[in-house]
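In what follows, a structure is listed as C-alpha cells, so that the remarks can point back to it.
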Amino acid sequence: MNTTPCDTSRAAAPGTTERLYARQAELLERLAAAQRATLELAHSPQGRSVTDFKEEAEQAERDLLGDAQAQRDHAELVEVRSAIARLQDSSYGVCIACGEPIDLQRLQVQPQAMRCTACQAASEALALRAHPEG
C-alpha cells in the first residue's frame, strides 16, 4: 500500500474533529476547576490552617498530586490543539518525525498522536536515556 504523506484523507476518521474538540473542552474545564480550587484555597481564611504535621503532610501531598494532574492535563491540551491545527492544515495523520502516514488504528485510539508507532517508541527511548530516573 503506497500512501504518500499528503494523502491524509483516510487518516482523519469520521468524528475525529468532534472528539478532539470535545476533549479540548473537557481539559479546559478540568484546568479551570483546578485553578478555581487553588484560588479558593488561597483566599480561604482556614485554607492553610494546619493543626498537625500529619495533616500538613497530607495537604502537601494533595497539592503535589493536583499540580501533577494539572500539568498532565495542560500537556494533553497542547497535544489536542496541535492535532486540531494539523487537521486544519491537512498535515493530520502524517508523522512529524519521518513524514510517513500514522496508522489509522493508532489515530483512532489516540487522535492527537503526532508520531507513527516506530518514531514514538524511538522518542520515548531517547527520553528515558536522557532522564533515566523517570
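Read the figures in this text as sums done on the coordinates, not as results from a lab. Model, not experiment: these values are computed from the prediction. Please note: Cβ atoms are built from the backbone with ideal geometry, for glycine as well, and neighbour counts cover all protein chains shown.
Observations, loosely collected:
- Near-label residues of the stretch 105-121 by backbone N, under 11 Å of a point 7 Å along Cα→Cβ of ALA97: 114-121
- Extension gain for the segment GLU124 to ASP63, taken as residue separation times 0.36 nm less the Cα-Cα distance, is 19.2 nm to one decimal.
- Long-range amide H partners of VAL94 with built H, under 5 Å: ILE102
- Here the contact order of the chain, divided by its residue count and restricted to Cα pairs under 8 Å and six or more residues apart, works out to 35 percent.
- In the chain, helices alone account for a calculated mean residue ellipticity at 222 nm of -21500 deg cm²/dmol, with every DSSP H run of four or more residues adding -39,500 (n - 2.57).
- Label-point separation, GLN105 to SER44 (7 Å along Cα→Cβ), nm: 4.7
- Candidates VAL94, VAL109, VAL78, ranked by Gaussian network fluctuation over the chain, Cα under 10 Å, top entry: VAL109
- Note on GLU100, GLU133, GLU124: ascending count of other Cβ atoms within 10 Å places them as GLU133, GLU124, GLU100, the fewest first.
- Correct choice for mean projected area of the Cα convex hull in nm² that was computed from the model, options (1) 7.0; (2) 7.5; (3) 10.9: (3)
- Cα-projected label distance for THR117 with GLU133, points at 7 Å along beta-carbon direction, nm: 3.4
- Sorted by Cβ density within 10 Å, fewest first, the residues GLU79, GLU56, GLU18: GLU18, GLU56, GLU79
- ARG81-LEU28 pseudo-label distance in nm [points 7 Å out on the Cα-to-Cβ vector]: 1.0
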